[in-house]
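A quick write-up on the structure given underneath.
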Ligand code: SF4
Ligand code: SF4
C-alpha cells in the first residue's frame with residue numbers, strides 16, 4: 001500500500017536497538033556528566049571581557065549608506081508597515097537631488113522585539129540589525145534612535161563568536177581594548193567548541 005505523507009517514518013533495526021537501550025538518553029547523560037567535570041567558566045563582563053556575537057545576531061539597528069555618504073533608504077516605509085510593534089516612524093521627503101529620502105526615521109528600541117522583519121522587508125538593504133548590544137539607557141525616551149544615530153551605528157563585522165578584552169570606562173561605555181588573546185583563553189576551554197582565530 002502506498003504511504004501517505006502523514007504516515008509515521010518506518011523504524012529500522014538500528015532505531016529499534018537505540019529505542020530499547022535508551023541510546024539517546026545515554027548520549028544526553030554523557031554530555032551532562034562531561035560538563036560536570038569541566039572547569040567553571042565565568043565571563044568577566046564588563047570589567048575584563050566582552051562577547052562579540054556572530055553576524056547573525058540581531059542587535060542595534062543601523063542604516064547603510066552609499067559610497068558618497070547618501071543613505072540607501074528610499075523612505076518606502078515597508079519596514080514601518082511590517083514591524084509588528086509599530087515602532088518605526090518614517091516620514092519621506094524629496095531630497096535636493098530629486099530622490100525620495102527619509103526626513104524622519106526613528107526606531108523606538110524600547111518597544112522593538114529585534115525580530116529582524118524590517119531588515120528582511122527592506123528592498124534596498126538599507127536597514128539591518130548589527131552586533132551592538134550595549135545600548136541600555138535610563139529612560140525609555142533615550143531609547144528612541146533617530147536618523148543620524150542609525151546612520152552612525154557600526155555595521156556588522158564579518159565574523160563573531162569570540163571574546164575580546166574589555167574594560168569599564170566609568171560613566172561612559174564599555175569598549176574593547178586592543179588585545180583579544182586574554183578573552184579567547186578561557187573560551188577555548190569550553191568542551192567541543194571551536195573558535196576561529198585571527199591569524
Ligand atoms: S526588529 Fe522587528 S520589532 Fe524591531 S523595528 Fe524591526 S520589525 Fe520592528
Ligand atoms: S529602511 Fe528600507 S524598508 Fe525602511 S523605509 Fe528605508 S528603504 Fe524602505
Where labels lie 7 Å past Cα in the beta-carbon direction, separation of residue 65 and residue 113 in nm: 3.2
Length-normalised contact order of the range 57-154 in % [C-alpha pairs under 8 Å, at least 6 apart]: 39
Cβ-based exposure ranking for 25, 43, in which fewest neighbours within 10 Å come first: 25, 43
Residue order, fewest to most surrounding Cβ atoms within 10 angstrom, among 100, 30, 48: 30, 100, 48
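Full extension from residue 74 to residue 40: what is 0.36 nm times the residue separation minus their Cα-Cα distance, to one decimal in nm?
Numbers: separation 34, 0.36 × 34 = 12.24 nm, distance 4.98 nm.
The span from residue 74 to residue 40 would gain 7.3 nm if fully extended.
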Share of pairwise Cα separations in the range 57-154, more than 15 Å, in percent: 58
Residues of the range 122-162 with amide N under 19 Å of a point placed 7 Å along Cα→Cβ from residue 95: 122-128, 146-155
Percent RCO, i.e. relative contact order, over the range 1-133, from Cα pairs under 8 Å lying at least 6 residues apart: 26
Proxy reagent accessibility, fewest Cβ within 10 Å first, across 79, 112: 112, 79
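Each value in this text was obtained by applying a stated rule to the coordinates, not by laboratory testing. It should be emphasised that the depicted structure is a prediction, and the values quoted were computed from it without experimental measurement. Every residue, glycine among them, receives a Cβ derived from its backbone with ideal geometry; neighbour counts consider all protein chains shown.
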